Amino acid sequence: MMVKVQGYLQSDIKNFFRFSENYSTKPAYFMMLFLCVVTYGYSQQTFDAANKQYDVLQERIKKKDTLIHYITKHYECSQVLSGRIDYYYEADKLVLINHLYKQGLANLWTSEDYFIIDDTLKIKTLTTEETIHLNTEYKKDEKGSSSIRVEKVIEVVEQRMFFDSNTTSTCFARKHAKNGLDWDAAYFNSLALKESNCIEYDDEIRDKYKLLRKAEKKLNVGYSYRKQQCIFYMW
């Protein structure tokens, strides 16, 4: 009887502690869930605010706002790696770095924007544009003779990395492919940015940003056909 009673009591005690454990963890679980939602909402709001500022700055640059001035620097490390860097300033403060470079033998140019608020990197935009030539076979007449037509397709992929001082980066992206003759930049810019996986690492971007800031002081202004410095071997 003692064994049965003891077993019965042990069963009740186990159930009690199991109930207490579940009951005590629920508030903690909901609190963690609440904090995640709040953090995500705050991050989304801060990204939206910075993103809006970035888009406004882009429009001002496009319209040649006289309050914004820039300098251009070029570099060439080899036949397969060269680029151009534009530094944009407002009230003597650096607000944007545009880095356009070509790497490799393929006809692929990459454009990067580094949007800066109060001397702090906030948004890094990577835009890749690739021209694809497709061979399209079509019939020419009723006899069945055919010929090959080359169709030029432009594919653009843009990813924006948002840097918050308290967290790692959050990434958003959009992409579009269209026949070269029908490409519409305004339509592409109207596409919504959707949260996506980051294709670049935070540390790499921060290191590249530091390199571009050094190049701001070290590289010569303008372009010289005689000799170009290499961005990686100046120091």
- Item | Cross-chain or 6+ apart pairs with Cβ under 8 Å, region 122-149 first and more than 17 Å from residue 103 (Cβ to Cβ) and at pLDDT below 65, then part of a strand (DSSP E or B) and of a type in the set (Ser, Thr, Tyr) | 137/146; 137/147; 138/146; 138/147; 139/146; 140/146; 140/147
- Give the residues of region 72-92 that are within 19 Å of residue 121 (Cα to Cα) and touching a strand residue (DSSP E or B) at 6+ places or on another chain (Cβ under 8 Å), sorted by residue number. 85, 86, 87, 88, 89, 90
- Message: Exactly one condition in (1) surrounded by 15 or more Cβ atoms within 10 Å (Cβ to Cβ); (2) modelled with pLDDT of 85 or more is false for residue 206; which is it?
- Response: (1)
- Query: What about residue 112, is it among the acidic types (Asp, Glu) and either within 16 Å of the chain's Cα centre (by Cα) or assigned to a loop (DSSP other than H, G, I, E, B) (or both)?
  - Reply: yes
- Could you check how many residues of region 98-128 are at positive phi and of a type in the set (Lys, Arg)? 0
- Message: Within region 175-226, take every residue that is part of a loop (DSSP other than H, G, I, E, B) and of a type in the set (Phe, Trp, Tyr) and give me the one that is farthest from the chain's Cα centre (by Cα).
- Response: 225
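The values are calculated or read from the model by the stated rules, or taken from the named source; none is laboratory data. This is a predicted model, so every value here is computed, not measured. In this analysis, Cβ positions are derived from the backbone assuming ideal geometry, glycine residues included, and neighbour counts consider all displayed protein chains.
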